[in-house]
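**Q** I'd like to ask some things about the structure below.
Derivation of every value follows stated rules applied to the coordinates shown; laboratory data play no part. No experiment lies behind these values; they were computed from the predicted model shown.
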């Protein structure tokens, strides 16, 4: 039983993968949010420009 407990506490098999996954999540999720906000701003700008170009000027 002690050897199993020692093996469980000293096993580092997936530690690097978990750390990289956490780093990617910490960077990727905010970048996704920023990307979506930028797309919304670009869409609003396009909407405004197309509206102003179609105004009938005398």
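**Q** Can you tell me the orientation of helix 15-53 relative to the chain, as the angle in degrees between its alpha-carbon axis and the longest Cα principal axis, to the nearest 10?
**A** 10 degrees
**Q** Here's a follow-up. Would you calculate, for the chain, the mean residue ellipticity at 222 nm contributed by helices, counting each DSSP H stretch of 4 or more residues as -39,500 (n - 2.57) and dividing by all residues, to the nearest 500?
**A** Value at 222 nm, helices only, nearest 500: -29000 deg cm²/dmol.
**Q** Mind pulling up the Rg/Rh value for the chain? Radius of gyration and Kirkwood radius, both on Cα. Don't skip to the end; give the middle numbers.
**A** Values: Rg = 25.8 Å, Rh = 16.2 Å.
My calculation of the ratio gives 1.60.
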